[in-house]
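What follows is one structure encoded as structure tokens, with my remarks underneath.
The values are calculated or read from the model by the stated rules, or taken from the named source; none is laboratory data. Keep in mind it's a predicted model, so treat the numbers as computed, not measured. Virtual Cβ from ideal backbone geometry, glycine too; neighbours counted across all protein chains shown. All accessible areas refer to the heavy atoms of the entire protein, side chains included, with ligands and DNA or RNA removed. Shrake-Rupley method; radii C 1.70, N 1.55, O 1.52, S 1.80 Å.
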Amino acid sequence: MTQKNILAGNWKMNLGISESRELALDLSSLSGTLSKTEIWVAPSFVCIPAVVQATHGSPLRCGSQNVHWEAKGAYTGELSIAMLKECGCSFAIVGHSERRHIFGESSSLVAQRALAALSAELTTVLCIGEKLEERESGNTDNVLEEQLSPVLEKLTEQQASSLVIAYEPVWAIGTGKVASLTEIEEAHASIENYWKSRIQFAPCPPILYGGSVKPDNFEGIINIDLVAGALIGGASLNYDKMKAMADISES
Ligand code: PEP
């Protein structure tokens with residue numbers, strides 16, 4: 001079976017419980033009509049139970065915006081894999097650029113999060129991406145490799161099967177600037193090549209693109225061969241925009 005396009009919404013610190021429930025309900029009805037597209041949402045932590053309850057039985061997948069590697073303990077502000085699973089999360093995002101650059105999460109810390117979630121067979125969306133100055137100094141590939149390397153170093157075949165990569169150039173997130181189709185294609189190819197140079201036991205996982213994706217630019221992006229879907233911030237908060245992108249993905 002060919003892989004369905006993934007439209008993953010990262011709601012970040014937006015939408016309260018009733019707003020999240022309402023949008024999730026609309027998206028769950030939509031997801032039930034789709035044959036080539038999966039819709040995933042990552043609400044804020046406190047909204048996850050409401051979203052899971054409201055969309056129970058629909059193909060909509062609910063996930064978290066982060067996850068900790070330890071099973072329990074003195075980790076203020078963190079959530080364990082078991083807690084997320086108990087709430088009904090079926091995936092977790094790790095290494096989002098806001099975590100890396102606002103909260104200072106290093107690639108090795110992100111790898112701890114990713115490897116623990118993967119070991120528990122929790123689908124893990126590992127975000128990687130370069131800052132503008134890194135692109136301008138010709139270091140995009142080095143940055144992507146530096147961010148992937150600590151995960152690939154320890155990855156097992158079993159863990160690889162739950163991994164999704166999201167290429168998100170930092171300069172395109174929430175800025176309205178989208179990478180050109182060529183830039184996206186080159187970055188995805190470079191990720192795939194690096195994967196193949198390091199991992200022989202598993203194919204390169206699906207690679208999502210993220211960075212100011214919206215209905216206006218989605219068609220070009222989703223038609224790139226190595227793009228398996230999109231990780232969407234701002235536009236994912238709007239049902240009509242998600243519906244428009246789902247329609248494009250289905251066509
Ligand atoms: C994101 O936060 O992952 C993202 C891509 O945001 P936006 O779509 O708003 O650029």
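Details
- Set V94, V151: member being within 25 Å of H188 (Cβ to Cβ), within 16 Å of the ligand (Cβ to nearest atom) and crowded, with 20+ Cβ neighbours inside 10 Å: V94
- The lone exception for E146 - which of (1) among the acidic types (D, E); (2) within 16 Å of the ligand (Cβ to nearest atom); (3) surrounded by fewer than 18 Cβ atoms within 10 Å (Cβ to Cβ) it fails: (2)
- Residues located in the stretch 44-78, provided they are closer than 28 Å to S107 by Cβ and in contact with a strand residue (DSSP E or B) (Cβ under 7 Å, 6 or more places away or on another chain): F45, I48, R61, C62, G63, S64, Q65, N66, V67
- Exactly one residue out of A189, A111 is open to solvent by less than 30 Å² (accessible area, probe 1.4 Å) and not in a loop (DSSP other than H, G, I, E, B): that is A111.
- Neighbours by Cβ (under 6 Å, 6+ apart or cross-chain): first from the stretch 158-177, under 13 Å from G95 (Cα atoms); second surrounded by 23 or more Cβ atoms within 10 Å (Cβ to Cβ) and among the aromatic types (F, W, Y): Y167/Y209
- Residue under evaluation C62, criteria (1) outside any strand (DSSP E or B); (2) touching a helix residue (DSSP H, G or I) at 6+ places or on another chain (Cβ under 7 Å), criterion not met: (1)
- Residues located in the stretch 118-143, provided they are within 16 Å of the ligand (Cβ to nearest atom), surrounded by 15 or more Cβ atoms within 10 Å (Cβ to Cβ) and either hydrophobic (A, V, I, L, M, F, W, C) or in a loop (DSSP other than H, G, I, E, B) (or both): V125, L126, C127, I128, G129, E130, K131
- Scanning the stretch 192-217 for residues that are in contact with a Lys or Arg (Cβ under 9 Å, 6 or more places away or on another chain) and either within 14 Å of the ligand (Cβ to nearest atom) or open to solvent by 40 Å² or more (accessible area, probe 1.4 Å) (or both) gives P203, G211, S212, K214, P215.
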